[in-house]
Amino acid sequence: MRVLQINACHYPRGGSETVYFSTAKLLKSHGHTVAFFSTIDSRNDKSEFDNYFVNNGDIRKLSLLKKIKRSLSYLYNNKVSKNLKTLVRDFNPDIAHVHLFYAELSVSVLRTLKRLNIPVIHTVHDYRLLCPVKNLLDRKGNVCELCLDKHFLHCLRKRCSEGNATQSLMVMLEAYFWKYFVNPLDYIDYYIFVSRFSRIKHIGSNENFKNKSSEIYNFTSFNPQNALFTRGDYFLYFGRLSFEKGIESLLSVFSLKTSFKLKIAGTGPLSDLVEKSANESSNIEYVGFKKGEELYSLVKNSLFVIVPSVWYENNPMTIIESLSLGKPVIGSHIGGIPELIVDGENGCLFKPADIQSLTSTIERAGNISDLEYKRYSDNSIRIAREYFNSDKHYEELLSVYQNVLKTYSKKNL
């Protein structure tokens, strides 16, 4: 099978990119031919399809005047459409698997594929189909579902996009453009949700999601067979450093509320805040961005991994990778996280954005016995083997591809 993988960026920015790359690798390992379509960036991984990529840049970094000039291509990018048409002509894919498409690529990706008669699968990594700022949070970090009524003016009124009126206006306009002109739902043949929570939330907003979607958990290349029991002496956060990830609560607890040590690995908008906190507190160490063996070692030698998110997380790769290494996880009781963590079995849950709840959970986790910790670790590996292995993921993904192709063929008879 010839599969076209599409994502807004082609470097390891976050969980969706991890899935984008790992899915391609998994397909190739089973003999499928894979092509990529994305945007040009100096941080990109090398690809033989680079010459098809589009140079768009980050609109958030542009001046107001340049944002206005870019507004039409932000809503519908003709250059993206042109390059994608060329790639489809040259590669001749059987199916397109789209990850993140908004902003950098725009909805032109979906419309172009449909016009070229290419079936479209979309992995839903966030809530952009429901919320202009993709995470169902307002600028203060509070869960906000006002835009589920499809009146996206709420976004501008509350300045939900980083508290910036211009950015909030842009994403609001994009949401209205989708609603009235080019609705993504009209061009997507099947949705893969990475958590039960996300699927239920989307179906609650639009029943049309129900009959052409399923849940497939993410998988990891970290092999549970190679997990070693190690009880480390520090807590670990790794991933994107942004406010929806609960970084500020985490820093507050380890700076002031506990004597346990915390290591933080990653990059993002709050990198400077993390570095500042690390300089001011002996309990916090910022190690920067890590991947591969360095990340593996950090996780393996930690005590617990912490996922303190304040938004409706779907199926965090941080949790999946940690459990696969036999490392129990402390997570917020929000979104899809409770689907992965059973309190007292393979980790601990706490009330999101609640300093007291997070502090007491850290103290409880840090002081459990070696015997109890071993039980947590064993349960983590067991769950990872059952739900997050690559063979299971491939079987489920291939079944989706084949069913969509079969349905698509019947429609075009």
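List of remarks:
- Here 365, 384 are screened, and the one residue that is assigned to a helix (DSSP H, G or I), over 23 Å from the mean Cα position of the chain (by Cα) and in contact (Cβ under 8 Å) with a residue 40 or more places away in the chain is 365.
- Pairs linking a residue in region 128-141 that is among the acidic types (Asp, Glu) to a residue that is part of a loop (DSSP other than H, G, I, E, B), with Cβ atoms under 6 Å and 6 or more positions apart or on different chains, are 138/144; 138/160.
- Members of region 127-161 that are within 19 Å of residue 198 (Cβ to Cβ) and either basic (Lys, Arg) or not assigned by TED's automatic domain parsing to the domain that holds residue 104 (or both): 128, 134, 150
- Test: residue in region 146-153 that is under 17 Å from residue 312 (Cα atoms), of a type outside the set (Gly, Ala, Ser) and surrounded by fewer than 17 Cβ atoms within 10 Å (Cβ to Cβ): yes
- Flag: residue 230 does not match the condition of being in a loop (DSSP other than H, G, I, E, B) and crowded, with 20+ Cβ neighbours inside 10 Å.
- Restricting region 165-182 to residues that are of a type outside the set (A, V, I, L, M, F, W, C) and touching a residue at least 24 places away in the same chain (Cβ under 8 Å), the residue that is farthest from residue 122 (Cα to Cα): 166
- When residues in region 220-251 are screened for being modelled with pLDDT of 90 or more and either over 25 Å from the mean Cα position of the chain (by Cα) or assigned by TED's automatic domain parsing to the domain that holds residue 123 (or both), 4 of them pass.
- For region 288-308, the criterion of a residue being in contact with a Lys or Arg (Cβ under 7 Å, 6 or more places away or on another chain), surrounded by fewer than 17 Cβ atoms within 10 Å (Cβ to Cβ), at pLDDT 95 or above and not small (Gly, Ala, Ser) is satisfied by no position.
The values are calculated or read from the model by the stated rules, or taken from the named source; none is laboratory data. Note that the structure is predicted; figures quoted are calculated from it, not measured. Quick reminder, even Gly has a Cβ in these numbers, built from the backbone with ideal geometry, and neighbours come from all protein chains shown.
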